[in-house]
1. Got a number for residues in region 406-431 being in a helix (DSSP H, G or I) and either on the phi > 0 side of the Ramachandran plot or open to solvent by less than 70 Å² (accessible area, probe 1.4 Å) (or both)?
2. Among the numbered conditions (1) open to solvent by 30 Å² or more (accessible area, probe 1.4 Å); (2) more than 30 Å from H249 (Cα to Cα); (3) not polar (S, T, N, Q), tell me where V374 comes up short.
3. So R229 fits all but one of (1) crowded, with 17+ Cβ neighbours inside 10 Å; (2) closer than 28 Å to T71 by Cβ; (3) not β-branched (V, I, T); what number is the exception?
4. Under 7 Å between Cβ atoms, which residue pairs at least 6 apart in sequence (or on different chains) link something in region 457-473 that is of a type in the set (G, A, S) with a partner that is part of a helix (DSSP H, G or I) and buried (at least 16 other Cβ atoms within 10 Å of the Cβ)?
5. Can you tell me which condition A389 does not meet? The list is (1) among the small types (G, A, S); (2) at pLDDT below 95; (3) open to solvent by less than 10 Å² (accessible area, probe 1.4 Å); (4) touching a helix residue (DSSP H, G or I) at 6+ places or on another chain (Cβ under 9 Å), and all the others hold.
6. Can you name the condition, by its number, that D276 falls short on among (1) under 30 Å from K175 (Cβ atoms); (2) without any contact (Cβ under 8 Å) to a residue 12 or more places away in the chain?
7. Out of R509, R453, report the one residue that is over 30 Å from T285 (Cα atoms) and of a type in the set (K, R).
8. Report those strands (runs of 3 or more DSSP E) wholly inside region 292-366 carrying at least 1 residues which are free of Cβ contacts under 8 Å to residues at least 40 places away in the same chain and either surrounded by fewer than 15 Cβ atoms within 10 Å (Cβ to Cβ) or within 28 Å of the chain's Cα centre (by Cα) (or both).
Amino acid sequence: SDVSEDVEPVKECVKIDERLKEKITGISGLSAIKQCLDDDLIPICFEQNSFIGGLWKYEEVSEKNKEPYSTIYQSIITNTSKEMSTYSDFPIPADWPTFFHHSLLDKYLNLYAENFNLLPHIKFNTTVLKVSILPDKRWKVKYIIQNKNEENEEIFDFVMVCSGHHHKPIWPEFKGMNLFKGEQMHSYKYKRAINFENKRVLVVGSGNSAIDIAVELTHATSQVYLSIRRGKLPWLIPRFVNGKARDHHASRFSTYVIPPSIRGRIAENNFSKSYDPFPSYLKPTDPLFSTYPTTNSDIFECLAAGTIIVKPNIKEFKSENNQIEFIDETILDNIDVVIYSTGYHIDYSFLEKDIFTGGNEIEQEYGKDFKDLVWLYKSMFPPKYPNIAFIGLLVAAGAFPPVTEMQARYITSQIKGFIKPLPSQSEMEKSIRNYYENIRKTYCKAARSTIRRSYLPYMDSLSKEIGCYPYSYEIIKRFGFKFWKLIIFGIATPIQYRLIGRNSWEGARDAILIYNKNRLQPI
């Protein structure tokens with residue numbers, strides 16, 4: 001299946017690197033394999049473990065496994081609905097919960113792999129050591145098979161990097177951390193609240209994991225404190241709003257017809273009522289759409305009951321009585337555990353860093369203003385390096401599986417020549433700079449990330465080039481006016497991108513109707 005340097009390939013051979021800390025074939029890798037097969041490419045996926053699942057393959061910390069690959073905790077459920085989280089041609093069962101436990105998502109990924117026969121294309125128990133470009137613009141992949149000491153090399157025409165960005169934890173630095181006699185851990189090792197029974201715990205952070213963990217800990221600990229760098233709560237959004245899943249409100253009509261400023265004010269008015277009982281200094285002041293909102297509403301009950309107490313940023317740790325001092329000069333005594341839910345570095349140890357950061361000049365120019373610095377055209381392609389693309393290296397305000405699937409469709413369309421070639425290096429560089437400037441104007445500094453994308457506009461822009469965008473004229477002509485109304489005003493499920501074009505799916509219309517059965521009158 002490999003392509004040697006002196007033999008011309010019959011088909012393009014695509015190496016999909018799915019390295020997630022201990023290398024997991026997760027959502028991005030499965031998307032890539034499946035789309036390669038759809039477009040008659042030969043995918044080879046290198047996978048360090050003996051199973052698939054990525055982040056969603058839950059595993060406990062134990063003596064035998066002190067560094068589990070997965071960063072999820074036992075109680076985690078999805079933040080996006082099944083209708084929006086599904087792969088576009090393999091619907092999540094309609095009778096599953098709207099938001100569901102990680103075990104169901106793991107089950108869905110395995111069903112997906114089985115249905116499309118993806119497993120034979122995965123080299124399990126294989127660690128990638130180095131991926132380097134050759135003079136002829138192909139890529140050399142050096143890897144080792146577990147329980148064998150020999151290194152192997154293969155040559156590939158194209159590389160897809162699908163390993164995500166949640167495997168190298170960020171540890172903040174505070175004065176006196178080394179003097180603190182309590183336990184300090186990163187949230188990637190947190191699994192369940194019972195392990196902290198009757199302890200006083202400080203959680204550092206304000207993202208989804210930090211808030212989830214803090215809330216869950218209240219059921220076991222004696223007291224939970226939540227340290228937020230800016231001293232204010234983030235925008236906290238419930239999973240259901242006005243009786244509907246939160247992401248069901250983001251229809252095509254609301255996204256493109258209602259101005260963002262109006263949508264933002266409406267949403268802020270809905271969500272701000274939950275903050276009314278609490279001091280004004282805790283309330284977010286930045287506009288909702290310029291920040292990273294957090295999905296959780298249970299925390300308000302904990303704040304009201306005093307089981308969670310919000311503290312500002314840490315000033316320093318003390319050596320006596322497990323004390324921690326904060327920037328407002330308040331001090332907490334007898335803290336048993338500090339859990340840092342402070343995110344992850346973007347890291348690909350098997351690649352030269354310049355490939356995805358753009359090099360030192362780019363880092364110096366943008367590194368101070370942006371988190372998560374990457375330099376990728378359309379969040380996929382390094383302008384200076386041909387024949388390599390990244391899948392899943394982004395944060396979209398929406399579900400992850402359909403975004404990775406659309407990226408895979410775009411990349412394989414490029415490889416096969418089904419769409420126009422990528423622009424010149426200078427044009428790609430200009431596009432990235434324009435994108436960065438737009439982020440500067442749109443988001444507050446704390447939320448400026450070069451991997452952030454708006455879900456529906458990003459999906460639509462790629463689908464128009466691929467040829468699977470649900471144009472109104474085509475939808476009305478093929479499926480009728482009433483169905484078009486469902487596309488515009490109903491749930492913007494990714495199944496819409498299987499209605500027309502190459503790789504369309506004959507079951508798409510019925511699947512969309514099932515997902516929208518409570519939205520409009522029967523069609």
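1. Total satisfying the criteria: 14.
2. Of (1) open to solvent by 30 Å² or more (accessible area, probe 1.4 Å); (2) more than 30 Å from H249 (Cα to Cα); (3) not polar (S, T, N, Q), only one is false for V374: (1).
3. Checking R229 against (1) crowded, with 17+ Cβ neighbours inside 10 Å; (2) closer than 28 Å to T71 by Cβ; (3) not β-branched (V, I, T), the one that fails is (1).
4. Sorted first by the residue in region 457-473, then by its partner, the pairs are S463/M406; S463/Y497; S472/W484.
5. Against the list (1) among the small types (G, A, S); (2) at pLDDT below 95; (3) open to solvent by less than 10 Å² (accessible area, probe 1.4 Å); (4) touching a helix residue (DSSP H, G or I) at 6+ places or on another chain (Cβ under 9 Å), A389 comes up short only on (2).
6. The number of the failed condition is (1).
7. Values: R453 fails: over 30 Å from T285 (Cα atoms).
Selected residue: R509, the only one of R509, R453 that is over 30 Å from T285 (Cα atoms) and of a type in the set (K, R).
8. On the way: elements: 308-311, 314-317, 324-326, 337-340.
Answer list for region 292-366: none.
The values are calculated or read from the model by the stated rules, or taken from the named source; none is laboratory data. Keep in mind the model is a prediction, meaning the values are calculated, not measured. No Cβ is skipped: glycine too gets one built from the backbone with ideal geometry, and neighbour counts run over all protein chains shown. Accessible surface is based on the protein model in full, side chains and every heavy atom, while ligands, DNA and RNA are left aside. Shrake-Rupley method; radii C 1.70, N 1.55, O 1.52, S 1.80 Å.
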